[in-house]
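The values are calculated or read from the model by the stated rules, or taken from the named source; none is laboratory data. These figures come from a predicted structure and were not determined experimentally. Reconstructed Cβ throughout: ideal geometry from the backbone, glycine too, with neighbour counts over all protein chains shown.
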Amino acid sequence: MGSIDREDPAAFKAGRGMLIQYLNEARATEDALVRTLQAHVALTPRGAYRDLLEHHLTETRGHSRAVARRLDALGASGSLLGATIGLAESVVGQALALAKGPLDVLRGHGGEEKLLKNAKDECATEALEIATYDAIETLAREQGDTETAELAARHRADEERMLAGLRAAIPNLTRAAAAARTGGGGDYRVDETGIADALDPAPWPGYDDLNAGQVVARLSDLTQEQLAGVAEYERGRRNRRSVLERVAALTAEEPWPGYDAAAADVIVGRVRGGGPIAGRVRDYEARHRRRVAVLEAAQRELAGS
């Protein structure tokens with residue numbers, strides 16, 4: 001096997017052009033994979049497989065930026081050499097074909113099989129990326145370009161971990177697809193997919209990681225509008241009885257419109273003067289936010305009336 005003669009300007013230039021071509025191909029593949037992963041996350045319910053996809057989506061965006069910076073350092077940031085010529089016929093074109101987005105919804109015999117097919121496609125793309133970074137590292141070392149070689153090695157390690165994670169997930173995905181296809185029952189939940197979460201976000205960040213008791217402990221601090229949102233979200237998902245019962249117990253008419261959004265000092269000022277409003281404030285506040293200043297002010301007015 002021959003190697004690039006670094007002392008020969010023509011050979012070195014040709015080798016550099018080849019390296020730039022492969023870097024462009026790597027960036028095109030990373031950008032295609034970003035679109036593919038976004039589409040696949042949208043179809044994947046919450047769980048270990050979606051966590052894997054979301055983690056690699058973050059990595060893949062970082063890879064694309066890092067390759068772009070390296071191309072810029074090599075003076076080729078605007079070059080599309082080799083990455084656009086005959087793209088549809090190249091292996092990069094095959095990777096781009098995987099980024100079909102909404103078309104993935106129509107694939108397979110059910111949600112479980114869609115996930116399995118997606119995972120198989122992702123394995124193919126990861127293998128392509130590993131091979132591409134193998135080639136980039138080899139060319140870079142032949143050129144004496146240590147920085148590019150190390151970048152390729154780092155990215156390849158990420159792709160190898162992702163491929164291993166996908167292969168570990170495929171047996172469970174296969175069992176789920178087989179159960180759904182053969183009548184054993186599937187557990188694919190459209191309302192837990194990425195697109196459902198985007199359209200119907202959780203009441204607050206981290207909500208889905210809390211158990212029922214932890215959610216209930218926070219409900220008294222919520223406004224009536226927020227309580228309604230929790231009830232709607234719960235009914236469409238886990239439907240936890242203790243959460244819904246506590247929401248029902250806290251659901252009440254505000255002492256006046258906009259009360260929940262008012263600051264404590266504003267409420268205290270309005271309570272002065274006593275009358276029925278002080279009683280409504282005391283009863284409502286005692287069940288909800290239990291702010292000492294508000295409760296004391298209401299009680300003082302009621303005691304003096």
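Values as computed for the structure displayed
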{"read-out": "Subset of region 249-305 that is part of a loop (DSSP other than H, G, I, E, B) and among the hydrophobic types (A, V, I, L, M, F, W, C) - its residue that is surrounded by the fewest Cβ atoms within 10 Å (Cβ to Cβ)", "value": "A263"}
{"read-out": "Subset tally (residues that are over 40 Å from the mean Cα position of the chain (by Cα), within 19 Å of D260 (Cα to Cα) and of a type in the set (D, E, K, R)) for region 282-305", "value": "3"}
{"read-out": "Single condition I136 does not satisfy, out of (1) over 27 Å from the mean Cα position of the chain (by Cα); (2) surrounded by fewer than 20 Cβ atoms within 10 Å (Cβ to Cβ); (3) modelled with pLDDT of 95 or more", "value": "(2)"}
{"read-out": "Hits in region 155-170 (condition: in contact (Cβ under 8 Å) with a residue 24 or more places away in the chain, more than 19 Å from Q21 (Cα to Cα) and either in contact with a helix residue (DSSP H, G or I) (Cβ under 6 Å, 6 or more places away or on another chain) or surrounded by 15 or more Cβ atoms within 10 Å (Cβ to Cβ) (or both))", "value": "D158, E159, E160, M162, L163, G165, L166, A169, I170"}
{"read-out": "Any chance A228 is in contact with a Ser or Thr (Cβ under 9 Å, 6 or more places away or on another chain), part of a helix (DSSP H, G or I) and surrounded by fewer than 17 Cβ atoms within 10 Å (Cβ to Cβ)", "value": "yes"}
{"read-out": "Subset of region 171-203 (residues that are buried (at least 18 other Cβ atoms within 10 Å of the Cβ), assigned to a helix (DSSP H, G or I), within 23 Å of the chain's Cα centre (by Cα) and at pLDDT 75 or above)", "value": "L173, A176"}
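Each row is one residue, and each column tells you yes or no for (1) without any contact (Cβ under 8 Å) to a residue 24 or more places away in the chain; (2) touching a Leu at 6+ places or on another chain (Cβ under 6 Å); (3) under 30 Å from E192 (Cβ atoms).
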{"position": "D221", "(1), (2), (3)": "no, no, yes"}
{"position": "G236", "(1), (2), (3)": "no, no, yes"}
{"position": "R246", "(1), (2), (3)": "no, yes, yes"}
{"position": "A264", "(1), (2), (3)": "no, no, no"}
{"position": "R270", "(1), (2), (3)": "yes, no, no"}
{"position": "G273", "(1), (2), (3)": "no, no, no"}
{"position": "I277", "(1), (2), (3)": "yes, no, no"}
